[in-house]
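Since the structure comes first, as structure tokens, the remarks are kept for the end.
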Amino acid sequence: MKKTFRGGTHPPEWKLTAEQPGEKLKLPEKVYVPILQHIGAPAIPLVKKGDEVKKGQPIADPGGFVSVPVHSPVSGKVVSIGTYPHAFGRDVETITIESDGADEWHENIKEDADWESVDAKTIRERVRNAGLAGMGGAAFPTHVKLSPPEEKPINTVIINGAECEPYLTSDHRLMLEKPAEILAGAQIVSKAVGAKRTFVGIEDNKPDAVSVLKKAVKDGKFDIKVVSLPVKYPQGAEKQLINAITGREVPPPPGLPMDVGCLVQNVGSCVAIYNAVRFNKPLIERYVTVSGHAVNNPVNLIARIGTPFSELVEAAGGYTKDAAKLLNGGPMMGSAQWTDMVPVIKGTSGIVVLNKEEAYISDEQPCICCGRCISVCPVFLLPTNIARLAEFERFEDAENLGALECMECGSCTYVCPSKRNLVHHIRFGKTSIMALKKKEAQQTKSKGA
Ligand code: SF4
Ligand code: SF4
């Protein structure tokens with residue numbers, strides 16, 4: 001029997017673009033590059049209006065250890081620095097650059113012929129200098145992940161090729177089109193943290209990717225094991241992937257994969273790590289799936305960071321007449337966008353446009369106590385109880401039931417026959433609990449001052 005995790009669900013896969021190779025999107029005339037594309041402190045702009053920049057040139061410095069630099073995705077001129085809509089759902093300081101069409105690389109982007117012998121410290125430096133943040137959507141700075149504390153050694157690296165979200169196929173195409181780069185990146189990650197075992201986990205609805213990577217492992221003599229996993233949502237969530245492959249259970253928050261000796265990297269991040277270490281290339285473009293039943297020609301695109309969503313949707317043949325909801329990411333964990341002006345960022349794996357029927361617009365009905373939400377929750381919570389407590393603003397009770405452990409996977413909402421938007425209520429509960437904690441900490445601090 002294949003390895004998997006407990007709980008989870010099976011939404012329709014809708015992998016409409018599985019056969020669509022990554023196509024280079026035409027060079028945008030303007031790119032809108034936010035200084036915050038990662039978890040942590042925003043980067044600090046290094047350029048001003050009117051400055052000429054080259055492709056790959058740093059345009060913002062990291063704002064702390066948990067932060068990454070930002071680079072220009074094109075050569076051209078900085079035309080403005082100011083707030084602009086962002087996929088995180090709020091306006092963010094953004095550097096707008098007008099392309100000069102020459103697409104000229106910055107002089108520092110050069111291959112290191114001796115890249116295979118660089119040490120762990122140099123790997124972390126190059127990864128940080130390249131501005132890498134998790135490309136599976138979590139956007140956590142990669143160099144921080146590659147710097148575990150001494151007391152938490154990593155013995156197992158898992159490369160995440162599960163791609164369990166409906167519609168998304170950008171990782172699938174990357175595995176078919178860049179297998180050697182993924183494996184080289186995986187090897188670099190293992191070297192950086194001193195891991196003894198490296199796995200690539202792929203859901204078995206991608207048998208072509210499994211066989212391409214197995215062949216690449218054999219051809220390249222990589223010491224990496226490719227594992228085929230059953231199709232189940234959310235197989236690609238870090239804790240569930242670790243559990244499926246190693247049987248280890250990551251403790252509840254603040255528990256992290258490093259607590260069980262594991263580190264997970266997305267396949268896209270591996271390619272970016274390889275490019276950073278070998279070529280000193282920063283992260284300025286990525287594979288993005290543009291799909292959903294409300295775009296005319298779903299595609300996989302290779303788009304520059306900073307390109308507005310509208311240009312990607314246009315390349316996918318535009319919206320259909322019944323387009324109802326634009327998502328950054330897939331329908332389970334993606335976030336609804338109010339405008340398609342928002343730009344592609346480092347964590348944009350897909351843009352999905354749902355039609356009216358798919359957008360799941362319906363009135364919530366009372367809970368019928370069927371227990372389905374409980375049976376699918378991959379972290380064994382009581383979603384119906386937590387959601388109700390959050391609705392009644394009983395935040396302490398919601399926290400006691402483990403609200404903060406919810407990873408907002410949406411499985412409970414998906415299976416609920418009463419159309420209860422459980423994840424929405426739980427998210428509200430989590431935000432309120434965190435706000436209360438912050439307020440309490442401030443009050444304690446001011447009393448002590
Ligand atoms: S409670 Fe949270 S973790 Fe559990 S199924 Fe619902 S969204 Fe997922
Ligand atoms: S799935 Fe919906 S109806 Fe069933 S117990 Fe959960 S909240 Fe209630």
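The values are calculated or read from the model by the stated rules, or taken from the named source; none is laboratory data. These numbers were taken from a predicted model, which means no experiment stands behind them. Cβ coordinates were reconstructed from backbone atoms using ideal geometry, including for glycine residues, and neighbour counts include every protein chain displayed. These area figures cover heavy atoms from the full protein model, side chains too; ligands, DNA and RNA do not enter into them. Shrake-Rupley method; radii C 1.70, N 1.55, O 1.52, S 1.80 Å.
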Task: Residue-averaged 222 nm ellipticity for the chain, from DSSP H runs of 4+ at -39500 (n - 2.57), nearest 500 - done: -8500 deg cm²/dmol
Open item on the list: Given a Förster distance of 56 Å, report the FRET efficiency between residue 218 and residue 447 from their Cβ-Cβ distance, rounded to the nearest 0.05.
Closed with: 0.30
TODO: Starting from the coordinates of the alpha-carbon atoms of the range 372-448, obtain the Kirkwood hydrodynamic radius over all distinct pairs and give the value in Å to one decimal.
DONE: 12.8
Task: Two-site label geometry, residue 110 and residue 368: point separation in nm, points 7 Å out along Cα→Cβ - done: 6.9
- [ ] Enumerate cysteines in the chain without a disulfide-compatible partner, where compatibility requires another Cys Cβ under 4.7 angstrom.
- [x] 164, 262, 270, 367, 369, 370, 377, 406, 409, 416
Open item on the list: Quick query: amide H of residue 351 versus all other amide H atoms, modeled in the peptide plane; which residues come in under 5 Å with a sequence gap of 5 or more or a different chain?
Closed with: 289, 290, 291, 329
Task: Sequence ranges 416-428, 143-155, 316-328, ranked by mean other-Cβ count within 10 angstrom, highest first - done: 416-428, 316-328, 143-155
Task: Per residue value of the accessible surface for the chain (all protein chains in place, 1.4 Å probe), Å² - done: 45
Task: Phi-based couplings in Hz for the range 112-124 (Karplus 6.51, -1.76, 1.60; Gly and Pro marked x) - done: 9, 4, 9, 4, 6, 9, 5, 8, 4, 5, 5, 4, 4
- [ ] Can you tell me which of 177-185, 288-296 comes out highest on packing, and rank the rest after it, using the mean Cβ neighbours within 10 Å?
- [x] 288-296, 177-185
TODO: Can you figure out the FRET efficiency of residue 100 with residue 80, using R₀ = 22 Å and their beta-carbon distance, to the nearest 0.05?
DONE: 0.85
Task: Under-5 Å amide H pairs with residue 80, H placed in peptide plane, nonlocal only - done: 96
Task: Directionally averaged projected area (convex hull, Cα atoms, the chain), nm² - done: 22.7
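How large a share of the accessible area of the range 241-324, in percent, is made up of carbon and sulfur atoms when the probe is 1.4 Å and the other protein chains stay in place? Intermediate results must be reported in sequence, preceding the final value.
Values: 1310 of 2580 Å².
Carbon and sulfur atoms account for 51 percent of the accessible area of the range 241-324.
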- [ ] Could you please put 14, 105 in sequence from largest to smallest accessible area, using a 1.4 Å probe?
- [x] 14, 105
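When a/c is below 1.5 the answer is rounded, else prolate if a/b is larger than b/c, else oblate, so apply that to the range 247-366 with a ≥ b ≥ c taken from the square roots of the Cα gyration tensor eigenvalues.
Because a/c hits 1.5 or more and a/b fails to exceed b/c, the range 247-366 counts as oblate.
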